[in-house]
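Presented below is the structure to which this report refers.
The values are calculated or read from the model by the stated rules, or taken from the named source; none is laboratory data. If you're wondering where the values come from, they're calculated on a predicted model, not measured in any experiment. Cβ: placed from backbone, ideal geometry, glycine included. Neighbour counts: every protein chain shown.
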Amino acid sequence: MIKHDFSTYDLFGRFAADSPPELADADWALTDRSLTNAEILVRLYRTVAEAAGPTVVIGCHTVGHLAAGLVHVQRTGDDT
């Protein structure tokens with residue numbers, strides 16, 4: 001089992017209950033501007049899924065609708 005955790009925070013610098021509704025500031029962008037942030041996240045999630053092979057992947061603090069089908073279990077919520 002692999003827990004894929006906090007990559008959204010690693011990329012955008014925010015992902016928590018007290019964050020603003022936007023994942024990134026208006027002038028922020030990933031280096032490859034030919035792709036949307038969503039496309040890049042899906043590529044990341046797909047890369048993790050392919051590298052994991054048959055291993056169960058838990059998507060934790062990933063963007064749920066983008067990780068759908070690429071993780072076996074989605075965990076949402078702040079740690080307590």
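Return the pairs, sorted by first residue and then second, in which the second residue is surrounded by fewer than 13 Cβ atoms within 10 Å (Cβ to Cβ) and not in a helix (DSSP H, G or I), the first residue lies in the range 23-46 and is of a type in the set (Gly, Ala, Ser), the beta carbons are less than 9 Å apart, and the residues are 6+ apart or on different chains.
Cβ pairs passing all conditions: Ala24/Gly13.
Return the residues of the range 41-80 that are basic (Lys, Arg) and closer than 17 Å to Leu23 by Cβ; say none if nothing qualifies.
Applying the first criterion (basic (Lys, Arg)) to the range 41-80 yields 43, 46, 75.
Within the range 41-80, Arg43 is the sole residue that qualifies.
Of everything in the range 30-67, what is aliphatic (A, V, I, L, M), within 18 Å of Asp5 (Cα to Cα) and under 15 Å from the mean Cα position of the chain (by Cα)? Give them in sequence order. If you could, list the steps in order and put the result at the bottom.
Filtering the range 30-67 for residues aliphatic (A, V, I, L, M) gives 30, 35, 38, 40-42, 44, 48-49, 51-52, 56-58, 63, 66-67.
From what's left, within 18 Å of Asp5 (Cα to Cα): 38, 40-42, 44, 48-49, 51-52, 56-58, 63, 66-67.
Listed by number, the residues that qualify are Ala38, Ile40, Leu41, Val42, Leu44, Val48, Ala49, Val57, Ile58, Val63, Leu66, Ala67.
Counting just the residues of the range 48-61 that are surrounded by 15 or more Cβ atoms within 10 Å (Cβ to Cβ) and modelled with pLDDT of 85 or more, which one comes out farthest from Gly13 (Cα to Cα)? Give the steps one after another, and end with the answer.
At the first step, the residues of the range 48-61 found to be surrounded by 15 or more Cβ atoms within 10 Å (Cβ to Cβ) are 48-49, 52, 57-61.
Then keep just the ones that are modelled with pLDDT of 85 or more; that gives 48-49, 52, 57-60.
Details: Val48: 20, Ala49: 23, Ala52: 25, Val57: 23, Ile58: 21, Gly59: 17, Cys60: 15 Å.
Among those residues, the one meeting the criterion is Ala52.
So, in the range 62-74, exactly how many residues are surrounded by 14 or more Cβ atoms within 10 Å (Cβ to Cβ) and farther than 18 Å from Tyr9 by Cα?
Filtering the range 62-74 for residues surrounded by 14 or more Cβ atoms within 10 Å (Cβ to Cβ) gives 62-63, 66-67, 70-72, 74.
From the residues that got through so far, the ones that are farther than 18 Å from Tyr9 by Cα too are 70, 72.
Within the range 62-74, residues that are surrounded by 14 or more Cβ atoms within 10 Å (Cβ to Cβ) and farther than 18 Å from Tyr9 by Cα number 2.
Per-residue answers, yes or no, for (1) out of contact with any helix residue (DSSP H, G or I) (no Cβ under 6 Å at 6 or more places or on another chain); (2) surrounded by 12 or more Cβ atoms within 10 Å (Cβ to Cβ); (3) among the hydrophobic types (A, V, I, L, M, F, W, C):
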| position | (1), (2), (3) |
| --- | --- |
| Thr8 | yes, yes, no |
| Leu23 | no, yes, yes |
| Ala26 | yes, no, yes |
| Leu44 | yes, yes, yes |
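Against the definition (within 11 Å of the chain's Cα centre (by Cα) and acidic (Asp, Glu)), how does Asp10 come out, yes or no?
Yes, satisfied.
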